[in-house]
Each structure stands twice: as C-alpha cells, then as structure tokens.
Amino acid sequence: MEMTGMVDAHAIGRSIDEETSRVLPASAEHFRRSSELIPGGASRGRFWWPAPIYVERARGVSLHDIDGRTYIDCLVGFGSMILGHAHPAVTDAVAAQVALGTVFGAPCVQEEHLARLVVSNVPGAERAVFVGSGTEATMTALRIARAATGRDVVAKFEGGWHGAQDFLLHSFTETDGELTAPRAVPSSAGLSRSSSRDVVVLPYNHDAALVRIRDEAHRLACVVVEPVQGAAGGLPTEREFLERLRAVCDETGVLLVFDEVISGFRLGPAGAGGLYGVTADLVTLGKIIGGGLSIGAVAGRADLMGRVASREGRPVAASGTFAANPLSMAAGVAQLSVLLDDPDTYPRLAVLGQRMRDGLRQVLAAHGIRGWVTGVGSLWGLHFSAESPRTVRDLATASPSVARVLAAYLLLEGVVMSAPVHLGFLSTAHTEKDVDLVISAHSSALKRMKEEGHV
C-alpha cells in the first residue's frame, strides 16, 4: 500500500530528515556541502534516504561513520565484501601490490591466477577476460554474442539489472504491455531510441518468454538473465524455468548469458549456474571476484571467448585502462583463495541466510504486517507487496516510500541497508549474534512503522 494513503508523505519525510540530522549531524552537514558539488550529495546517492551516511572506516561487519556511530553492515559493498571488510588476506595482498605498482599497462601475472580460479569453478567456462566493472562485462558479453551469431537484437527479462548500459537498461522497475508480451521501457533518461528497438523484453519466470524467444530467434543474438534478480530484491529464477530456457536456447541457436555479477561466488563456487544445475554459454561476473576493488569479467566457451583475441576478421573489443589492473587482480585472487579454501564456507553462509529469512518472516508475523521475504543462500529481500513476489510485476503494489522509511529506521537502529530495494547480503564475518541483532532491529523498526501508520 502507498504510504501516502495513510500518512502525509511530505510531513513524515521532513520528520525523518530532522531526526536523522539530529542523530547524524556530521553526515547531514557533509551532505549539505557535497550537494553543492555532487548531484544528490554522492555519486550513488539514490540508494539513501533522506540522506546518506558518510563512512570513515570499516572492518569485519562493522561500518563506522563520521559521526562516530557504528553499524552492522548488511550491504557489504553491494555484495562485494563476502569476507567482510578489511580481511587481512585481502588488505595484505593489496598493500603488497601497491608497493610494487598499481597500473602497468603491460599484463601482470595475477591475471592468469584469477582467470584460473574463475575457469576452474564457473560451469562451462573455458576462457575468461577481465574488464573494469560488471556493466562493462555485460556490454562485452553482448558484443561477443552478436559477433558469434551475426544477429543484433538481445533479449532480457523484466526486473533484471545488468548495469548502466543502454541496451539492457530497460524494464528494470517499470513495466508496460501485457504480462505475456512486455514492451521495452527505458529505465533511464538519455537512452537512444535505437537501443530500445534492439532489445526484446521477456516476462520473468513465465513460459511466454520461451514462445517469444522462438518467435524472435531469427534476430536474437542472446538472452541475458540473472538467475537470481538481485536489484529486484532477491527474486530467484525457478529452476524448471531456467532449465526450459536453456533448452529453448539450444533449440533456436540463441546464446544464453547468465549475469552472475551478484550471484557469482556468492551462492557457491559455481554460482547460481552450479546451484541450479544449468550451464550458460557466457557468464558475466564482478563484485566478489575483485576483492572489493573495481572489476568485471566474462567467462565462457573457448570458441566464443576466442573472438576477443580473434586474428581472423575483426576482434571483439574488451579492454580499458584499468582492465585486469594488478590491484584488482591481487585483491580478487586473495579473496577467492580464502573463500574457496574451506569447503564449509558456503554451507555456513547458507545456514546464516536461512536464519535471517526465517527470523524476518517471524517478525512480520509477530507484528501482523503483510510482507514477504525472498532470496537464496546468503542474500535476502524484503517486500511489502500484496502477494508473494515471483516477478517485478508482483511488486507493483509495493510502496517505495515504505521501503525507504524502513531503511531509515534501520539506520537509526544501527543496521545499514539500501533503499528503496531492500536487498541484504551476509559475509563470512557475520555471526549468528549479528543476524539476530539485525532481526531485532527490523522488529523495532517495523513496530515503529506500524505505530506510525506506514504499514
């Protein structure tokens, strides 16, 4: 339900702004000064309401802001810091590399080490190439698919976030058209009209997508899917649907691309592809493989990846000043090496994730609040939609205002989440005690929200 239907949205916004300014005066003042120079007060200011906190340092699961407050971090670098902040193995590797140099232009040996870790764990991966970000990874995957198939059009699912690139930046939160035949909706101002013409938008977790792929196969280079839609709030693809998607791509000759920038090395060494038992032709990675530094990667079959260095015809461009830079390579090797060293790491994370999801469901029930907890492994989402969400269309009844208020009240309770998408991540540094404290913070925040009429 919309918050404005129960309370004055502007009034509550002013009230929360005043309260957070009293509690966080240094961040409030820094936000005021930064807003004179940076739109929104921070380059990623859209994730924070009514204003961001400014973090001074972080270690383990703790964030420390410039007001001297400490928080349990459930954002962990938008999922990147799976070992927690400032893990000694990662900081030692980065410090050692800084002393040797940060950007050479020429290749560094750590690139091969990281590629070997990726290729030996990601299903179907025979080669890997590194770029500067997850956005660049999906851009590169599209180029490879177009070069391999000779077709220009790409398909993506409603609710899928694949970075800030024109072709896939459609139908992320807004949808249009019938459920079985969605129309592409630009998710940003400034997209070219041609990009909208060259993307086919598909319904998530719905077999109508398979029909559409068959109908459009003659012009489709690839289908891109997040096996778990992260930025939609942790909405998993149903295993049977993913299996049918793989089959229809095999049938039609359309390449299947898994965007595992969020799920890669989070849901297991083999990512979501390994969890669901479905192998893509190409997989994009980021976040965790960089150990907290900027990175992206594309991994896949040798015949497809070979087009990046093809000497027959025009090769696919996949490069950049900071692509495969030694700092990101060193941090990535260190993080993945620690992560993969203990076979109990992922089972422990999954148990903690289930504890979080179960606890949040109990909190909603205890307060009589209609809400839904989604997710898998060590990530979760919390939604205030009319029904349990399977797709982003199911979230149309959910109020972004309610999600923002929850994030603001959680901040006051000492827990960091982003808004309006309520997506949380756990790290190996989180303990059962941390999870229980986060659940308790949700209980306090939701109790207050119910008393004030938000939910």
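All of the numbers you see were taken from the coordinates with simple rules; none came from a lab. All values derive from a computational prediction rather than experimental measurement. Heads up, the Cβs are rebuilt from the backbone with ideal geometry, glycines too, and the neighbour counts pull from every protein chain shown.
In table form, for the structure just shown:
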item	result
Under DSSP loop assignment and at most 16 Cβ neighbours within 10 Å, longest GluC sites (Glu not before Pro)-free interval of the chain	37-125
Region 215-255 shape via C-alpha gyration tensor axes, a/c threshold 1.5	oblate
For region 133-286, alpha-carbon Rg over 2.2 N^0.38 Å	0.93
Cβ-based charge dipole, region 88-341, positive-most Cα from T149, G124, L179	T149
Zone residues, region 321-358, relative to F104, backbone N less than 20 Å from point 7 Å out along Cα-to-Cβ	321-335
Pairwise label distance in nanometres, E238 with S194, each label 7 Å out on the Cα-Cβ vector	3.9
More than 35 angstrom apart: percent of Cα pairs within the chain	30
Positive minus negative residues near L191 (Lys, Arg vs Asp, Glu; Cβ under 12 Å)	0
Region 182-241 versus region 328-404: alpha-carbon centroid distance in Å	23
Charge tally in the Cβ shell below 14 Å around S294, where Lys, Arg are +1 and Asp, Glu are -1, S294 excluded	+1
Extension gain (nm, one decimal) between R219 and E387, 0.36 nm per residue minus Cα-Cα	56.9 nm
Cα-based convex hull volume of region 350-435 per residue, rounded to whole Å³	96
All aspartates and glutamates inside 14 Å of K433 as judged from Cα atoms, apart from same-chain residues fewer than 8 positions distant	D73
Region 88-341 - share of DSSP beta bridges that are antiparallel (%, nearest 5)	50
Distance from region 36-91 to region 433-455 (C-alpha centre basis), Å	21
Whichever lysines have a C-alpha closer than 22 Å to that of K156, once near sequence neighbours (fewer than 8 apart) are set aside	K287
Rounded Å value of the spacing that divides the Cα centres of region 116-148 and region 271-322	1
